Amino acid sequence: MRRWNGWGEESVFQKVNPIAFEYLQAHVGLAKTSHSLTFDELIALVPSSRLTQHELLACCDMTCDAKDRALHAVGQSLPDWIGLRMGLIERFPDAVAYPKSAQEIRTLLDLASEHDIRLIPYGGGTSVVGHLTVPDSLQPVVTVDMRRMNQLLHFDPMEQLATFEAGISGPEIEDCLQARGYTLGHYPQSFEYSTLGGWVATRSAGQYSLGYGRMDSLFVGGRLETPAGSFVLKPIPASAAGPDLRQTVLGSEGRLGIITECTVKVSRLPKQERVHAAFFKDAETALTAVRELAQADLHMTMIRLSLAAETETTLALASHQKVLSFVKLGLSLWGVKDQKCLLLYGVAGSTDAVSQGLLSARRIIKQQGGIFVGQKFGEEWKKARFQSPYLRNTLWEAGYAIDTLETSVIWSKVKTTIAAIEDALKNAARLQQEQVHVFTHVSHVYAVGSSIYTTYVFRLADTADATLARWQTLKSAASQAIVEQGGTISHQHGVGLDHRPYLEVEKGELWLQMLRAVAKTVDPKGLMNPGKLME
Ligand SMILES: Cc1cc2nc3c(=O)[nH]c(=O)nc-3n(C[C@H](O)[C@H](O)[C@H](O)COP(=O)(O)OP(=O)(O)OC[C@H]3O[C@@H](n4cnc5c(N)ncnc54)[C@H](O)[C@@H]3O)c2cc1C
């Protein structure tokens with residue numbers, strides 16, 4: 001069963017070795033465990049619904065049950081966690097709808113327009129930027145859970161296209177496609193629960209984005225039901241007929257309507273898939289190698305470079321410490337010491353393509369002094385690649401909060417932006433007489449630049465309000481640093497509520513006016529996910 005107040009399956013507990021806890025204490029300080037709300041205590045916070053006995057309840061298996069409303073009140077952002085664990089949830093939806101077809105959604109939208117009801121589309125509930133927060137609305141709010149719409153509607157190997165209902169989850173998609181010898185190749189770390197509709201609505205990026213593309217390029221068509229009517233995007237390979245309307249649906253964050261189906265590009269399952277690893281002596285050489293790999297057109301599936309602090313943290317968290325001491329000793333003999341950076345790189349395809357890809361990658365890595373350590377690190381990463389979010393549970397229970405930040409910039413700005421984000425977090429913590437442990441990797445690379453993904457760990461404060469204030473200070477300092485460096489406020493997580501204040505600087509007021517005009521056209525009464533993405 002899925003955890004109601006954290007990440008993942010209840011049966012999975014990610015242990016942290018004592019060395020890693022000592023490491024954390026040395027960097028962040030000794031933490032105190034805080035009281036976590038019980039499920040009954042959470043339910044007691046749910047007020048009565050404004051929709052009890054409303055005629056809308058006849059639609060889409062809708063329910064006003066407090067349990068359903070509690071389970072749909074938030075997503076997975078840090079403020080969401082503070083809300084769930086410490087009882088700081090201000091509002092709950094009045095009801096939850098569970099549509100089973102596009103037709104039911106059409107009926108729901110028509111009824112919502114007639115009765116002035118606000119709707120929040122809900123995919124897997126894995127948003128990390130406040131997409132699912134219930135607005136402060138005088139009108140009732142219904143959260144629309146899409147997960148019963150999880151069928152494959154059409155698959156055509158000739159065209160390499162598959163059409164799914166939008167509520168289908170990552171594992172369900174891969175089960176369908178792999179049984180037919182195909183894959184979507186989209187693996188965000190939230191793969192277990194997030195949905196196709198959610199990926200499109202947030203423009204998500206998976207771990208193999210280098211090989212298969214981000215959701216932006218996988219999504220070729222679909223259907224959006226808006227309060228004003230249906231919007232159908234035909235799958236067309238390329239078109240010069242005016243602006244590309246797929247771009248309106250991608251990243252729409254539930255503001256324009258409900259995506260009911262998506263047509264996506266699929267690929268043949270690769271014969272072979274390899275992830276290898278190499279160490280570099282410092283960030284300078286490692287980033288040069290990564291840029292050259294990204295620009296070499298090698299058909300790689302992934303590149304993930306952990307900078308020095310993340311490499312050190314990864315090694316501290318690893319379970320096989322004895323083996324690691326040998327590796328560290330060996331690396332130090334090659335002059336790879338304190339500033340070492342770990343690179344994981346993946347290649348997939350036919351046996352020949354994989355050998356050729358690995359060989360070409362090796363040449364570039366070697367030119368920058370990279371030391372190869374074979375497949376072991378890559379295999380471990382593959383095994384654990386959906387496990388690390390489970391650490392959030394373990395660390396929270398020990399009194400630590402963990403959050404992530406992401407952006408992307410052109411190559412000339414990568415190093416300075418990483419430093420600016422990390423410094424901003426450390427300074428903001430220092431001003432609060434606290435410490436923060438900060439580490440960064442780059443994992444989505446392009447010919448022109450790269451994403452930057454920073455993780456930060458800090459201590460929970462004594463109360464929910466104080467913990468939230470601590471997070472807000474850190475998050476806004478880092479977001480400000482991103483904006484000042486000219487980075488995007490989000491490379492992959494979207495805007496939601498948390499990034500909304502920074503959007504105007506990035507896109508400009510005219511762009512926001514255009515977007516508001518589009519929303520007004522398809523949703524004149526402002527029913528859809530109010531307040532997210534834009535005011
Ligand atoms: C542990 C963890 C790891 C993550 N890793 C990644 C990662 O590697 N890459 C990445 O890109 N993101 C990642 N995320 C963020 C998150 O998983 C993505 O934003 C994901 O795309 C959200 O999908 P979802 O189905 O859970 O959508 P939800 O969280 O339910 O909703 C997100 C937004 O999409 C809208 N929406 C959802 N479904 C529809 C629909 N059918 N029609 C219209 N609007 C809809 C919602 O209204 C909301 O605004 C991670 C999150 C967590 C918690």
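The values are calculated or read from the model by the stated rules, or taken from the named source; none is laboratory data. All figures in this text were calculated on a predicted structure; none of them were measured in a lab. So basically every Cβ, Gly included, is an ideal-geometry build from the backbone, and we count neighbours across all protein chains shown.
Checked against the criterion of being within 15 Å of the ligand (Cβ to nearest atom) and closer than 26 Å to Trp381 by Cα, the range 217-235 contains one or more residues that satisfy it.
From the list Thr288, Thr260, the lone residue that is under 30 Å from Asp145 (Cα atoms), at pLDDT 95 or above and of a type in the set (Ser, Thr, Tyr) is Thr260.
One residue alone among Gln375, Gln368 is closer than 23 Å to Ala289 by Cα and buried (at least 18 other Cβ atoms within 10 Å of the Cβ), and that residue is Gln368. Remark: pairs (first residue in the range 118-142, touching a residue at least 60 places away in the same chain (Cβ under 8 Å) and among the small types (Gly, Ala, Ser); second residue within 6 Å of the ligand (Cβ to nearest atom) and assigned to a strand (DSSP E or B); Cβ separation under 7 Å; 6+ apart in sequence or on different chains) = Gly123/Thr195; Gly124/Thr195. The one condition from (1) under 20 Å from Gly75 (Cβ atoms); (2) more than 23 Å from the chain's Cα centre (by Cα); (3) without any contact (Cβ under 8 Å) to a residue 60 or more places away in the chain that Met158 does not meet is (1). Restricting Ala481, Ala447, Ala477 to those that are among the small types (Gly, Ala, Ser), more than 29 Å from Leu210 (Cα to Cα) and not in a strand (DSSP E or B) reduces the list to Ala477.
Pick from Leu196, Leu210: which is under 15 Å from Phe164 (Cβ atoms) and buried (at least 16 other Cβ atoms within 10 Å of the Cβ)?
Matching residue, one of Leu196, Leu210: Leu196.
Taking the conditions (1) within 21 Å of the chain's Cα centre (by Cα); (2) over 24 Å from Arg223 (Cβ atoms) in turn, Met534 satisfies each one other than (2). If you filter the range 450-474 down to residues that are in a helix (DSSP H, G or I) and small (Gly, Ala, Ser), you find that the one that is surrounded by the most Cβ atoms within 10 Å (Cβ to Cβ) is Ala464. In the set Arg214, Arg180, only one residue is within 13 Å of the ligand (Cβ to nearest atom) and either under 28 Å from Gly357 (Cβ atoms) or not aliphatic (A, V, I, L, M) (or both); that residue is Arg214. Restricted to the range 1-77, the set of helices (runs of 4 or more DSSP H) holding at least 2 residues that are charged (D, E, K, R) comprises 39-44, 66-71. The residues of the range 384-395 that are modelled with pLDDT of 90 or more and either over 19 Å from Met302 (Cα atoms) or more than 10 Å from the ligand (Cβ to nearest atom) (or both), listed by number, are Gln387, Pro389, Tyr390, Leu391, Arg392, Asn393, Thr394, Leu395. For the range 240-259, filtered to residues that are more than 7 Å from the ligand (Cβ to nearest atom) and among the β-branched types (Val, Ile, Thr), the residue that is surrounded by the most Cβ atoms within 10 Å (Cβ to Cβ) is Val249.
Of all residues in the range 118-132, which are surrounded by fewer than 24 Cβ atoms within 10 Å (Cβ to Cβ) and more than 6 Å from the ligand (Cβ to nearest atom)? Listed by number, the residues that qualify are Arg118, Gly130.
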